[in-house]
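K.L.:
This is the structure, below, for whatever I ask next.
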Amino acid sequence: MSAPAAGAPRPVALVVNGRSVAPAVGAQATLLHLLRNELGLNGPKYGCGLGQCGACTVLVDGVAARACVIPARGAAGRRVTTLEGLGGRGRLHPVQQAFVDAQAAQCGYCLNGMVMMAAALLARVPDPDEAAIRRELSGNLCRCGTHVEIVRAVRRAAVLLRAAGAGTGPGVPAGPEAAHDDAAAAHAADPARHPAPDRADAPAPVRAPAPAAHAAAAARPAHDQDAAP
């Protein structure tokens with residue numbers, strides 16, 4: 001039996017929004033392709049395909065990164081959070097809620113990247129000033145010109161996060177992954193009364209961005225490149 005071709009699809013095991021997955025992708029597939037085409041997660045958008053506009057931004061091990069330039073196979077073993085992993089309609093993450101409150105959108109195509117970059121910033125710097133916010137989002141493109149409202153939204157998000165006592169990391173305080181963490185803690189304390197959560201098999205967080213060759217371009221801080229919903 002002949003060996004499979006080098007570029008033939010093969011499973012890539014990673015954790016996406018707290019769930020272990022292993023979709024089969026080809027050698028040329030990007031993380032963005034894996035998320036959108038294989039997993040149906042349409043929060044990250046395809047914009048430039050060069051890591052320059054920010055529409056595809058996701059969090060890789062908590063670091064904002066451009067999914068369109070990360071090889072899917074280079075994300076093996078990583079923990080990836082998309083916009084869907086921050087929160088949903090029934091339970092918005094404070095950053096998402098702040099963007100709604102500030103009406104920080106027109107066409108909305110850039111919002112995914114803006115929200116994910118803001119979540120990453122606020123996890124590192126709970127109370128950034130306007131200059132820090134502008135620096136962080138400087139590589140995210142908004143063609144509609146809603147920059148003033150976006151900055152206002154990030155400042156409001158900082159207030160909401162502090163009020164909620166959050167700050168353990170993007171995607172954890174108020175999104176679906178928080179419910180998983182609560183369920184896991186309850187199960188550990190009293191297994192008889194609380195069943196193990198469905199995603200308890202998720203591997204522990206991996207340390208920091210992608211392996212050497214891919215990491216420089218793939219997981220470099222998104223403000224060195226560019227935005228999304």
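K.L.:
With every protein chain present, what accessible area does Asp101 have (1.4 Å probe, heavy atoms only), rounded to the nearest 10 Å²?
P.N.:
Taking all protein chains as shown, Asp101 has close to 70 Å².
K.L.:
Here's something else I'd like to know. Gain in length, Cys107 to Cys48, computed as 0.36 nm per residue apart minus the alpha-carbon separation, to one decimal in nm?
P.N.:
Gain in length upon complete extension: 19.6 nm.
K.L.:
How large is the accessible surface per residue of segment 1-127, computed with a 1.4 Å probe and reported in Å² as a whole number?
P.N.:
Values: 5300 Å² over 127 residues.
Per residue, segment 1-127 has 42 Å² of solvent-accessible surface.
K.L.:
Against the empirical 2.2 N^0.38 Å scaling, what ratio does the C-alpha Rg of segment 70-116 come to? Each step should come with its number before you reach the end.
P.N.:
Values: Rg = 13.1 Å, N = 47, 2.2 N^0.38 = 9.5 Å.
This ratio for segment 70-116 stands at 1.38.
K.L.:
Still on this model: Which percent of the accessible heavy-atom area of segment 1-141 goes to carbon and sulfur, probe 1.4 angstrom?
P.N.:
54 percent
The values are calculated or read from the model by the stated rules, or taken from the named source; none is laboratory data. Values in this document were obtained by computation on a predicted structure and should not be read as measured data. Ligands, DNA and RNA are excluded from the accessible area calculation, which covers all protein heavy atoms including side chains. Shrake-Rupley method; radii C 1.70, N 1.55, O 1.52, S 1.80 Å.
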